[in-house]
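Where a number appears in this text, it was derived from the coordinates with a stated rule and is not lab data. Since the structure is predicted, the reported quantities are computational estimates derived from the model, not experimental observations. Don't worry about glycine lacking a Cβ; one is built from the backbone with ideal geometry, like all the others, and counts go over all protein chains shown.
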Ligand code: BG6
């Protein structure tokens, strides 16, 4: 994550150099035959190749159990890129393909790992990134095998281990996994991924707050009434029924993506925008988060509706499943800045639309000097991650005319309108960071554990609750979630621009 200050649009100043070429390395992807690799990792590496960020001698080494070879991996990668890359270009592909190599092997045992070792030596790669794009149950075996083979250090270069989410299944398993990982690797070598941290608006949150003077003085319980965070998805479990049965919405997105965004909103200004300072500040937020009281959370599950089947009818899902596909909860950050400001957070599958946004609802002015038929609405700052990534500020303005009459106005910034280039995919940013050695957008061991502590009461609640509240697919979620806010005199903001 390189922060470059760019000249204003229309300025004759040359922009600063954009391309940081990452050090030469071998990027080893365990589980290269899987979905994550096809949809995200290969397209991200291909984009970094196209933008000149990959060193000319960097290799991408796919590792998997399938009986493939270099050629099969290249064929597979080509079709994955044709489907998932932002732009597929024949000439760029022809220079990317030779970087790809394949090693067949198991995640445990030594035969495959020895072949991998041999190939890395043959390629002369002493800087190595190992990426776990495998099912989470394989992480412990993989970490142990890497360590047994002496892969945790390389004599002349550096070694980094990238661990995909979910990191553990609950606090206990996360602590155990952390113990295993840090017994074999140094913490500074470990990159725990949460791709939401690399979304442009998530990164822009720090810039908005700490590189401007207008927002930060308002950023507290003095002026903010409450915060709403919404991550709705129109898709269901998309063939991942079996995984989702184990995970549910709390483990899938609350423990990681949503809590990370909350921490970026609530954290104190770090002394420097680098891994240690930022992560210290985020951990303090999680430590200040109290338990969610039973009445402050609603769990839901989608049922048949709008021509779509219900969760229990999905492949791999138990016919009587009690797994939550929706949750809404009220969190608190109990410190000087945020005491008394509720953070309402909700997410669900098979909702009306896909939208991710953070809305800061300001307090109403202490005194209105105008004679108005109704009280003016409170100002609202929205940070939108999907769709139309950007920021908007809603405020009251005078309607032209002799009387004082108010209407809502909107000051809007969208990346698409302001910048010509498309935003990089979050994985492009993250994979580049793992090569450059910048861990700011990755989670530290204590951070992951603190996040599990925050969601533990929600997980307990799920275990105890007889049934989640049903909501028809394609709607806004269970009405019980509306009541959660109504009790406190607030209303959910309808997600989406406008
Ligand atoms: C993943 C979850 O981490 O994030 C998925 O496992 C979810 O269930 C996805 O759909 C959402 O990511 P994005 O970037 O599409 O908003």
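Express in nm, to one decimal, how much length is gained between residue 187 and residue 405 on full extension, taking 0.36 nm for each residue of separation and deducting their alpha carbon distance. Mind showing how you got there, number by number?
Working: separation 218, 0.36 × 218 = 78.48 nm, distance 5.89 nm.
So the extension gain works out to 72.6 nm.
Taking Cα centroids, how far is region 330-387 from region 283-306 in Å?
Using only Cα atoms to place each centre, the spacing works out to 17 Å.
Hey, what angle do you get for helix 445-464 against the long axis of the chain, alpha-carbon based, 0 to 90 degrees rounded to 10?
Value to nearest ten degrees: 60.
Efficiency by 1/(1 + (r/R0)^6): what FRET value for residue 86 and residue 371, r their Cβ-Cβ distance, R0 = 56 Å, to the nearest 0.05? Intermediate values should be presented prior to the final figure.
Numbers: r = 54 Å, r/R0 = 0.97.
Working from the Cβ atoms, E equals 0.55.
Cα centroid distance between region 177-214 and region 412-441, in Å?
Comparing the Cα centres of region 177-214 and region 412-441, I get a distance of 13 Å.
Quick check on the chain: of the DSSP beta bridges with both residues there, what percent are antiparallel, nearest 5%? Show your work: numbers first, answer last.
Working: 41 of 75 bridges.
The antiparallel proportion sits near 55 percent.
At a Förster distance of 45 Å, what's the computed FRET efficiency of residue 363 paired with residue 419, Cβ-Cβ distance as r, to 0.05? Let's see the in-between values first.
On the way: r = 33 Å, r/R0 = 0.73.
Approximately 0.85, to the nearest 0.05.
May I ask you to list the residues of region 219-252 whose amide nitrogen lies under 16 Å from a point 7 Å from Cα along the Cα→beta-carbon direction of residue 137?
240-248
To the nearest 500 deg cm²/dmol, what mean residue ellipticity at 222 nm is calculated for the chain from DSSP H runs of n ≥ 4 alone, each contributing -39,500 (n - 2.57), summed and divided by the residues? List each step's numbers first, then the result.
On the way: 14 runs with 151 residues, N = 498.
So the helix-based figure for the chain works out to -9000 deg cm²/dmol.
For the modelled label position 7 Å from the Cα of residue 55 along Cα-to-Cβ, which residues of region 420-443 have backbone nitrogen atoms closer than 17 Å?
Within reach of a label on residue 55, which here means backbone N under 17 Å from a point 7 Å along Cα→Cβ, region 420-443 contributes 431-438.
If one takes the longest principal axis of the Cα atoms in the chain, at what angle in degrees, from 0 to 90 and to the nearest 10, does the Cα axis of helix 171-184 lie?
Relative to the chain, helix 171-184 is tipped by roughly 40 degrees.
Where does region 80-173 land on the Kirkwood hydrodynamic radius, alpha-carbon pairs, in angstrom?
Values: mean 1/r = 0.0646 Å⁻¹.
Kirkwood radius, region 80-173: 15.5 Å.
Sort region 447-498 into rounded, prolate or oblate with this rule: let a ≥ b ≥ c be the square roots of the eigenvalues of the Cα gyration tensor; rounded if a/c is under 1.5, and if a/c is not under 1.5, prolate when a/b is larger than b/c, oblate otherwise.
Numbers: a/c = 1.87, a/b = 1.43, b/c = 1.31.
Prolate.
Tell me, 403, 433 in order of fewest to most beta-carbon neighbours within 10 Å?
Fewest to most other Cβ atoms nearby, the residues stand as 403, 433.
Gain in length, residue 235 to residue 337, computed as 0.36 nm per residue apart minus the alpha-carbon separation, to one decimal in nm?
33.1 nm
Using 7 Å Cα-to-Cβ label points, what is the residue 148/residue 268 separation (nm, one decimal)?
In this crude spin-label approximation the distance works out to 4.6 nm.
On a 0 to 90 degree scale, rounded to 10, what angle separates helix 70-84 from the longest Cα axis of the chain?
Here the helix axis deviates by roughly 20 degrees.
Work out the FRET efficiency for residue 72 and residue 170 from their Cβ-Cβ distance, taking R0 = 30 Å, and round it to the nearest 0.05.
Details: r = 38 Å, r/R0 = 1.27.
With R0 = 30 Å, the Cβ-Cβ based efficiency is 0.20.
Given the Cα-Cα distance of residue 293 and residue 210 and 0.36 nm per residue of separation, how much length would full extension add, in nm?
Numbers: separation 83, 0.36 × 83 = 29.88 nm, distance 3.27 nm.
Answer, rounded to one decimal: 26.6 nm.
For the chain, what is the largest minus smallest coordinate of the Cα atoms on each principal axis, given in angstrom and ordered from greatest to least?
Extents along the principal axes, in whole Å: 80, 64, 44.
Tell me, 337, 491 in order of fewest to most beta-carbon neighbours within 10 Å?
Taking fewest neighbouring Cβ atoms as first place, the list is 491, 337.
Which whole-number percent is the relative contact order of region 13-113 (Cα, under 8 Å, 6+ apart)?
Values: 138 pairs, mean separation 32.7, N = 101.
About 32 percent, as a whole number.
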